[in-house]
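Colleague: Before I ask anything, here is the structure I am working with.
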Amino acid sequence: MEIDFESLRNLMKSNRTVRRFNEKKEVSEDILFSLVELTRYCPSGRNAQPLRYAIVNSKEEKQKIFPLLKWAGYFKEWDGPEEGERPAAYIIQYLDTKYGKECLCDDGLQLEAITLGMHTLGLAGCIIKAFNGAELSKILNFGDRYVSRYVLAIGYPREHVQLEDMSGKDDTDFKYYRSADGIHHVPKRPLSELILN
Ligand SMILES: Cc1cc2nc3c(=O)[nH]c(=O)nc-3n(C[C@H](O)[C@H](O)[C@H](O)COP(=O)(O)O)c2cc1C
């Protein structure tokens, strides 16, 4: 199989975090299962594969989960997407502590695999770490063995995101921002800043 570098680069470059969705457009359970299936092919520390997923797409569960999430920490005036622009589904990542108390970087690798898969299907989403895990475990309780790590909000995007090159700018000015036209801007460091030698 041949995959060219430029296609991969473009896929990664356009795979951006989105926080406003077309809530009316549902995401089928089949798609959500297929996205989780991608994680099977990710590298895994010790090959322990300790991560598990809960799939949430029922209206009742979504309504309960939404208030537990903190959106866009830099946007102090914004409480997250309004009704009609909320996620169509969530995939929640858990660590099965039977296999150890940590998962090295398995969590991030798997989230990237899922979001890239989403992107190829016209979906987008937001990886969320700032959520109320204690309250979440009251809604979805799989027992103490499973510790929630991330909530991935998913939907069909209703937001334009633009990357900004940080070249020549203040290297501490990395906050994303929204311009008056509603476009979400994400500064990214130049390659020259990433390579040390
Ligand atoms: C580990 C991690 C945790 C994150 N947690 C949150 C979060 O709690 N809430 C949120 O709105 N966005 C969260 N994000 C999304 C980041 O804000 C987003 O990735 C960043 O602004 C860069 O945008 P980009 O993904 O389009 O490159 C998180 C992303 C990562 C990788």
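Colleague: Looking at P87, P81, P67, which is the one that is over 14 Å from the mean Cα position of the chain (by Cα), in a loop (DSSP other than H, G, I, E, B) and either of a type in the set (G, A, S) or at pLDDT 95 or above (or both)?
Modeller: The unique qualifying residue is P81.
Colleague: Which residue, of A180, A153, A124, is in the same structural domain as L32 (by TED's automatic domain parsing) and either loosely packed, with under 14 Cβ neighbours inside 10 Å or within 30 Å of G100 (Cβ to Cβ) (or both)?
Modeller: A153
Colleague: Looking only at the range 115-153, which residues are within 13 Å of the ligand (Cβ to nearest atom), outside any strand (DSSP E or B) and of a type in the set (S, T, Y)?
Modeller: T115
Colleague: Can we say Y94 is in the same structural domain as L32 (by TED's automatic domain parsing), modelled with pLDDT of 95 or more and either within 14 Å of the ligand (Cβ to nearest atom) or of a type in the set (V, I, T) (or both)?
Modeller: So Y94 fails the test.
Colleague: Still on this structure: Of the residues E37, E61, E83, E112, which is within 16 Å of the ligand (Cβ to nearest atom) and either assigned by TED's automatic domain parsing to the domain that holds S14 or loosely packed, with under 13 Cβ neighbours inside 10 Å (or both)?
Modeller: Numbers: E37 fails: within 16 Å of the ligand (Cβ to nearest atom); E61 fails: within 16 Å of the ligand (Cβ to nearest atom); E83 fails: within 16 Å of the ligand (Cβ to nearest atom).
Matching residue, one of E37, E61, E83, E112: E112.
Colleague: Could I ask something else about it? Just the residues that are within 16 Å of the ligand (Cβ to nearest atom), surrounded by 11 or more Cβ atoms within 10 Å (Cβ to Cβ) and free of Cβ contacts under 8 Å to residues at least 60 places away in the same chain, please, taken from the range 9-34.
Modeller: Listed by number, the list holds a single entry, N10.
The values are calculated or read from the model by the stated rules, or taken from the named source; none is laboratory data. Just so it is clear, the model here is predicted, and its values are computed rather than measured. When we count neighbours, we look across all protein chains shown, and the Cβ atoms used for this are built from the backbone with ideal geometry, even at glycine.
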